[in-house]
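**Student:** Take this structure first; my questions come after.
The values are calculated or read from the model by the stated rules, or taken from the named source; none is laboratory data. If you're wondering where the values come from, they're calculated on a predicted model, not measured in any experiment. Glycine gets a Cβ as well: all are built from the backbone with ideal geometry, and neighbour counts include every protein chain shown.
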Amino acid sequence: LPAQPDGRHPGTAGPWPLPRSREACALARRAVRHTLCRWNLDHLADTAELLVSELVANALLHARGPVQLTLVRGPQVCCLVADGSQELPRVRDAAADDEYGRGMSMVELLAGAWGAARTPWGKEVWFELPARCDGDRD
């Protein structure tokens, strides 16, 4: 299940509605970077930007209706992208000459965890990254 806020690092940012346009991925990346910097998790920003771009691009390509982004900080940072399609994403084995089909493989490789769930209005696709600040110790 996606991360939930905890007592030590509570926080939710969003939801941010994203336009169904070329600008959506850039807006999502900016929101993710800004939020992670505010949460003192700048070191996660590059990976999170890459992965959120993939989820938003998939939502724009494969779904209709509104797309929105939410970040939740608990023991993990969870990035959720909601859209209007109930078709769940899957990791595919893309051939070497396939133009598409590698995005969810990248999410699976780089995220600590990821998943998707149907909702009454479509689905939410999420990934998690460990929410450790540079100064945190075990």
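**Student:** Name the residue that is surrounded by the fewest Cβ atoms within 10 Å (Cβ to Cβ), counting only residues in the range 32-82 that are farther than 15 Å from PHE127 by Cβ and in contact with a strand residue (DSSP E or B) (Cβ under 7 Å, 6 or more places away or on another chain).
**Tutor:** Among them, the one singled out is GLY65.
**Student:** Same structure again: Got a sec? Which of GLU49, GLU54 is under 16 Å from TRP114 (Cβ atoms) and touching a Gly at 6+ places or on another chain (Cβ under 7 Å)?
**Tutor:** GLU54
**Student:** Quick check on my filter: what residues within the range 33-68 are among the aliphatic types (A, V, I, L, M) and over 19 Å from ARG20 (Cα atoms)?
**Tutor:** LEU36, LEU41, LEU44, ALA45, ALA48
**Student:** A further question on this structure: How many residues does the range 87-121 contain that are assigned to a loop (DSSP other than H, G, I, E, B), modelled with pLDDT of 90 or more and surrounded by 14 or more Cβ atoms within 10 Å (Cβ to Cβ)?
**Tutor:** The total comes to 1.
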